[in-house]
Structures are given as structure tokens and as C-alpha cells.
Amino acid sequence: MSLTDNIIKLKQRIEIACKKAGRSPHEITLVAVTKTVGIDEIQRAIDSGIQHIGENRVQEAEQKFEQIGKQATWHLIGHLQTNKVKKAIPIFDFIHSVDSLHLAEAISKHAIQMQQEIPCLVEVKTSAEATKFGVTPEGTLEFVRQIARLPGIAVQGLMTIGAFLPDPEQVRPYFRMLRKLRDEVEQAGIDRVAMHYLSMGMTNDFEVAIEEGANMIRVGRAIFGERN
Ligand SMILES: *Cc1c(COP(=O)(O)O)cnc(C)c1O
């Protein structure tokens, strides 16, 4: 199947999942995950209507950004090391992986220097198997309170990587957990915090994520095929 066909098919799947959940597909931001994907293919995806791209490494994104530039909105979805923050800020419109005070302080410092405010999502480790990164579910509210005070950071939501389980139904409890945390943070009414985004769901499990309230899904393989 061609890239365009993959995108059409994916959008149909998103529509079906939304219908099942009584939601509108317009609520869902599709972030096409372009890690390991070459420039030409990324450009073709953009020409086929992709507006958001997700990368998990700053260095890889830097090279691509030189060519692609602001034709798309850039999302950093992978772990960010403090020493890469300065390079990340000019590229990325969203950082989905804020998971330590140390990192948040570095983002704040550089954002102020560059006179920017960076939309940030807090990465939550809803399952131990999926990733070693992310704040604990129990610590999420307190963590949001801490980083909300930092200038240059705009806390706009939560992100998680679902557990890697063969049946997407098995991932549902983790997505539900993230949604509950989002509601808790929202209800806490923290100054400068607006819980706009729930970033969850990938190729294997985005339909379940949409049913559980995701409004940003991060999809790579369903668009670009298997990675090497
Ligand atoms: C690679 C990656 C994705 C996309 O995964 P697919 O299975 O290719 O859809 C989503 N989120 C994160 C954080 C990733 O690293």
C-alpha cells in the first residue's frame, strides 16, 4: 500500500473509533511518528495532509528540521536529556516527555533565554514494562504543581506509553488511569495549568486510547510501515 493509502486507511480507523466513542474526529490530533523515516517520505506524508510530526531524538530531528522546517508542527515524544534542551527548543512546538524537575528547570531556563513559552506534557509511567521514563501516577499531581511555577513552561496535558501487550484491550486500564489523572489535575485548578491534551495511543492501541479519551495519538508504523 502507498503512503497515501495508509493515511486514508488510518483516518478511517480513527473515524470508526470516534464514532464508537461518541466523539468527533476533529478532536483528535494525529501525530505522525517519523523516527527512522527519511526526509522524502516525511515530505510526501506532509503533502498527503499530515500536519503534525513526532520525533524521539533531538539530533535526528535537527537534520530533518533543516529540510522540513515549519511545514509541520513538531512534537518531541522521546526522552529528553537536559544537555539537549537548548537544541530542542527551536525545533519543537510541543514536548511530550517532561518527567523530572531537573529537566523542567532546564526547559524553563532556555525558554526564558529564547523568550518563548513551551507547551509541555508530563510523561506518566502508567506501566513499568513500557518505558523506564515518566513520573509515577501517585506523584503526577505534585509534579505538575512544581513545574507549573516555572516561567517558560506551559503545562498542557499528560502523555503515556501504554504497556506493550498483545491485546490492546489489556492496555485500556493504563489509558483509563491517565485520563483519571488528567481529571484530577484539572480539578485541582492549578494556576497556569490547562489540561488540553491527553497524548496516548500508538499503532497497536490507538483505537482503545481514543475510546478512553485520547486527543493526541502518536502513530508511526500504520503510516510508514515497520521500522528496521
Ligand atoms: C515510536 C513511538 C510511537 C509510535 O509507535 P508506532 O508503533 O510506530 O505507532 C509513539 N510514541 C512514542 C513515544 C514512540 O517512541
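The values are calculated or read from the model by the stated rules, or taken from the named source; none is laboratory data. None of these values were measured; they are calculated from a predicted model. Cβ atoms come from the backbone with ideal geometry, glycine included; neighbour counts cover every protein chain shown.
Of all residues in the stretch 182-197, one or more are crowded, with 19+ Cβ neighbours inside 10 Å and among the charged types (D, E, K, R).
Contact map, the stretch 200-228: residues that are on the phi > 0 side of the Ramachandran plot and within 9 Å of the ligand (Cβ to nearest atom) paired with residues that are at pLDDT 95 or above and of a type in the set (Asp, Glu), Cβ distance under 9 Å, separation 6+ or inter-chain. Pairs shown: GLY201/GLU207; GLY201/GLU212.
Please indicate, with yes or no, whether at least one residue in the stretch 25-35 is more than 18 Å from ALA222 (Cα to Cα) and not in a loop (DSSP other than H, G, I, E, B). Checking the stretch 25-35: at least one residue is more than 18 Å from ALA222 (Cα to Cα) and not in a loop (DSSP other than H, G, I, E, B). Restricting attention to the stretch 9-42, the residues that are surrounded by 16 or more Cβ atoms within 10 Å (Cβ to Cβ), of a type in the set (S, T, N, Q) and either without any contact (Cβ under 8 Å) to a residue 60 or more places away in the chain or over 23 Å from GLU212 (Cα atoms) (or both) add up to 1. The lone criterion from (1) of a type outside the set (Lys, Arg); (2) in contact (Cβ under 8 Å) with a residue 40 or more places away in the chain; (3) within 16 Å of the ligand (Cβ to nearest atom); (4) under 19 Å from ARG192 (Cα atoms) left unmet by ILE107 is number (3).
Could we say that LEU3 is within 13 Å of the ligand (Cβ to nearest atom), in contact with a helix residue (DSSP H, G or I) (Cβ under 9 Å, 6 or more places away or on another chain) and within 17 Å of ARG221 (Cα to Cα) here? No. Each residue in the stretch 130-175 was checked for being part of a helix (DSSP H, G or I) and not polar (S, T, N, Q), and 14 pass.
When ASP191 is tested against (1) within 16 Å of the ligand (Cβ to nearest atom); (2) in contact with a helix residue (DSSP H, G or I) (Cβ under 9 Å, 6 or more places away or on another chain); (3) acidic (Asp, Glu), only condition (1) is not met. The residues on offer are ILE112, ILE53, ILE95, and the sole one that is touching a Pro at 6+ places or on another chain (Cβ under 9 Å), within 14 Å of the ligand (Cβ to nearest atom) and among the β-branched types (Val, Ile, Thr) is ILE95.
The residues of the stretch 143-169 that are away from the ligand (no atom under 16 Å from the Cβ) and not small (Gly, Ala, Ser), listed by number, are PHE143, VAL144, ARG145, GLN146, ILE147, ARG149, LEU150, PRO151, ILE153, VAL155, GLN156, GLU169.
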